[in-house]
Amino acid sequence: MLKRLARSDMFFHVDPARMGRHDGPALADLGYALTRHVVRAYGGDRAAAVEGSIRRLTRCLSLGDVTRWTEGERLGLRRLAPLVDAIEGLERWPAGDRRRLGQLLRAKGSARERDFVGLARQLPRFEAALGRMAAREGRRRARERAGTSASRRIGP
C-alpha cells in the first residue's frame with residue numbers, strides 16, 4: 001500500500017466537500033515538462049536555466065531591477081523562473097496579465113504565503129497555462145509509453 005501511495009499525488013483540503021478531487025495540473029507532468037524545457041533551452045544546465053529564465057522574465061514581465069528585491073523575493077523568483085519561462089507564448093499575454101504574473105513571482109518570496117495565493121487567484125491565465133503544459137506533457141509521455149510497450153511486444 002505504501003508503494004502505491006508513493007506513486008500517487010496526495011492533496012488535502014480543509015473543506016471536506018473538496019476531498020478526493022484535485023482541480024490543478026498533474027504535478028508530475030509539470031515536472032517532466034520543466035525538465036524537457038531545461039534540456040531543450042539550456043542544454044540541461046539548471047543553473048543556466050535559472051539565470052536565463054530570470055533574464056528573459058525580467059524583460060518579458062518588466063520586473064525592473066530584481067537585485068533590489070528582498071532576499072526572499074529573489075529566492076522565490078529563482079525557484080519559479082524556469083517554470084514560468086517554460087510557458088509557451090508568454091510574451092503574447094496581455095500587458096496586465098504579464099504585470100500580475102511579475103507581481104506573483106515577487107509575492108512567492110514574501111513573508112506571507114497568502115499574498116502569493118491571492119495574486120494567483122487573480123490570474124486564471126497562469127493556472128490554465130500550467131494545465132495546458134502538464135496536459136501536453138502527459139499526452140506526450142503516454143504516446144511514448146505506448147510506443148515503448150508496442151516495441152517490446154514486437155521485439156525478439
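Every number in this text was worked out from the coordinates using simple rules, so none of it is lab data. Model, not experiment: these values are computed from the prediction. Note that we place each Cβ from the backbone using ideal geometry, even for glycine, and neighbour counts take in every protein chain shown.
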**Q.** Net +/- balance of residues flanking Asp115 in space, Cβ distance below 12 Å, scoring K and R +1, D and E -1
**A.** +3
**Q.** Inter-probe distance in nm under a simple model that places probes 7 Å from Cα toward Cβ, at Arg112 and Ser62
**A.** 2.6
Q.
Please compute the modelled spin-label separation between Arg99 and Thr70, points set 7 Å along Cα→Cβ, answer in nm with one decimal.
A. 2.3
Q. What is the gain in length, in nm to one decimal, between Ala142 and Lys3 on full extension, counting 0.36 nm per residue of separation less the C-alpha to C-alpha distance?
A. 47.9 nm
Q | When the convex hull of its Cα atoms is projected in every direction, mean area for the stretch 27-154 (nm²) | A | 8.6
